[in-house]
Amino acid sequence: LATPAVPTSNSFTGLDELELADKPETQTPKPIRPPPLFIDGVKNIQPLLKLLEDIAKGEYEIKVLRGDKVKIQSKSADPYSTIYKELKAKDTEFYCYQPKQDRSFRVVLKNLHPSTDKEDIKIAIEELHHKVINVWNIQNSRRKQALSMCNIEVEPRENNKDIYSVKYLLYNKCAVRYWTRPEKGYHYKKNAPAALPHGWCGKELSRI
């Protein structure tokens, strides 16, 4: 007589599938796009198109804007650098904004006496793990008097926003506020969404 088969089961069956299902999908970080270049006074776009095709074929996009202005968006850093250098070599009138990751970070430090030594302020802030680029007083635009506020400019780092938590500096109770570009005299914004950058990286003075 044939012996009936004994049913068996593997308790580990399916564990591999469960482990794969539990693992979160790794997302590839998106490459950082370089800032666009803006060219002014483009009366005839053909020379510009020929130049771009010669030096960065397929690695850029253009958009025609109002007022004889053209926007060039490079797809990566290499063609951006090539286009930038070529436009500059040809004395082209253009400008571009500084990449976000390269912008310095500015804040307004309040409630320190204007006679406080700037070097002492710099040392105190750097002890909090920030690299200070510059410190300068804010003046009243009419009276030309230094106020109990100063601008602090630090290098871009991941911990930049930690500076907003500073409550005491050099044994003084102080406050750190978001910085915005001053229009007249001094200006700061208490509840701005982020510290604003300053300037763009260049503007050339003749045409293509």
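Determine the pairs where a residue that is closer than 15 Å to residue 43 by Cβ, located within the range 82-94, has a partner that is of a type in the set (Gly, Ala, Ser) and part of a loop (DSSP other than H, G, I, E, B) with Cβ atoms under 8 Å apart, the partner being 6 or more residues away or on another chain.
Once the first residue is closer than 15 Å to residue 43 by Cβ and sits in the range 82-94, its partners that are of a type in the set (Gly, Ala, Ser) and part of a loop (DSSP other than H, G, I, E, B) give 92/206; 93/41; 93/206.
Need at least 1 residues that are modelled with pLDDT under 90 and aromatic (Phe, Trp, Tyr) per element, so show me which strands (runs of 3 or more DSSP E) inside the range 66-122 make the cut, counting only ones lying wholly within it.
Per the criteria, 94-97, 105-110.
Is it the case, given these coordinates, that residue 137 is outside any loop (DSSP other than H, G, I, E, B) and in contact (Cβ under 8 Å) with a residue 24 or more places away in the chain?
Values: outside any loop (DSSP other than H, G, I, E, B): yes; in contact (Cβ under 8 Å) with a residue 24 or more places away in the chain: no.
For residue 137, the condition - outside any loop (DSSP other than H, G, I, E, B) and in contact (Cβ under 8 Å) with a residue 24 or more places away in the chain - is not met.
If you check residue 151 against the conditions, is it in contact with a Cys (Cβ under 7 Å, 6 or more places away or on another chain), over 30 Å from residue 52 (Cβ atoms) and not aliphatic (A, V, I, L, M)?
Criteria not met by residue 151.
The values are calculated or read from the model by the stated rules, or taken from the named source; none is laboratory data. Fair warning: this is a prediction, and the values are worked out from it, not measured in the lab. Ideal geometry is used to build each Cβ from the backbone, glycine not excepted, and the neighbour counts take in all protein chains shown.
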